[in-house]
Each structure stands twice: as structure tokens, then as C-alpha cells.
Amino acid sequence: MFSSAPRTAAVLIGAAAVTASAVLPAAAAGHAPHHRAPHSPVVIGAVRYDSPGRDDRSNRSLNGEWVTVSNTGRKPVDLKGWTLAKDGSHVYRFKNVRLAGRSSVRVHTGVGRDTGRDVFQDSRHYIWDNNDTATLRDSRHRVVDVKHWSGRRER
């Protein structure tokens, strides 16, 4: 009677070698995947990418453009060091924002005084386009949420 244990071990070692060879070249070539955070209750919520009225670059118009970050969980989350970025180019870094459970904060484009419900990027230019992507990362630079939108400008 023959034993199947050596054959099974050989098959498992071969499968592990094939898996490792498929993974290693991608990582070695600098194509490692983005590190995603463990499931987080913090998400990107509503977005207003086109402020109402004329786009006259006034502070009022700039602040009419915003992205909401919401905590859907019950426990508060400290957003210090978290970032909200437009396609990786324009990055807003949260300072001292503690987001209570089941609450939201609006990240406005223009200039203003930060409060518990509204923070300001202090930009003099519009940030969010009609076809854009926002990426939220935690303080360890792990992707927490990504939101893409595509819309037509209101006239």
C-alpha cells in the first residue's frame, strides 16, 4: 500500500511556489497595491462639486463647494492626520477634528473658521470638478474610502 502524504506535500509546495512567483514580481516592480484600512465607519458622504450661482471665485462661491466626511459608527473618531485628496493632487490634511459618532463634517473649499461641523481648505481656487474623485486616507496613509462622481454643470 502506498502513502499519499508525500504526494500531497509536493502538490502543496508546488502550489505555494506558483503563488509566490505570481505575487513577488508585481511587488518587486513597485506595483504593490494601495494599503486599505480595515473596515472603517468613516466614509465620504454627500458632495457638492458645483457651487450654486455663478462661479465668480468669491469666497461665498468657493465655500458653496464641499465634501462631507461622515462617521456612521457610534464611537467618536479622531481625524487628526487624515487626508482628503482630489485625484492625489490637492490634499487637505485634517488638524484637530474629533468626529462624534453618527455625525459629519463638511470640508469647504474656501476660507473660513473651522468648527466642529465645518472645516475650510483655505483655497482661492475651485478644487472639485464635475468629473472627479475624492480619496479619504487615515493617519497611516491607508485608503479608507474613495468616491467618484460625474455630472453636468447646472445652468
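The values are calculated or read from the model by the stated rules, or taken from the named source; none is laboratory data. Note that this is a predicted model, so its numbers are computed, not measured. With ideal geometry, Cβ positions are generated from the backbone for all residues, glycine too; neighbour counts draw on all protein chains shown. Side chains included, ligands, DNA and RNA excluded: accessible areas come from the protein's heavy atoms. Shrake-Rupley method; radii C 1.70, N 1.55, O 1.52, S 1.80 Å.
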Whole-Hz Karplus couplings 3J(HN,Hα) for region 64-71, θ = phi - 60° and coefficients 6.51, -1.76, 1.60, Gly and Pro as x, run x, 9, 7, 10, 9, 10, 10, 9
Expressed as a percent, the accessible surface of region 35-100 that is carbon or sulfur, using a 1.4 Å probe and the full set of protein chains, is 51
Measuring from its Cα centre, region 62-145 shows a charge dipole (+1 at each Lys and Arg Cβ, -1 at each Asp and Glu Cβ) which, in debye to the nearest 20, is 500
Arg113 and His90 label points (each 7 Å along its Cα→Cβ direction) are spaced in nm at 2.5
So Arg140 and Lys75, fully extended at 0.36 nm per residue minus their Cα-Cα distance, gain in nm 21.5 nm
Given a 1.4 Å probe, the accessible area of region 75-155 per residue, as a whole number of Å², is 62
Here the FRET efficiency for Asn131 versus Ser58, based on Cβ atoms and R0 = 22 Å and rounded to 0.05, is 0.40
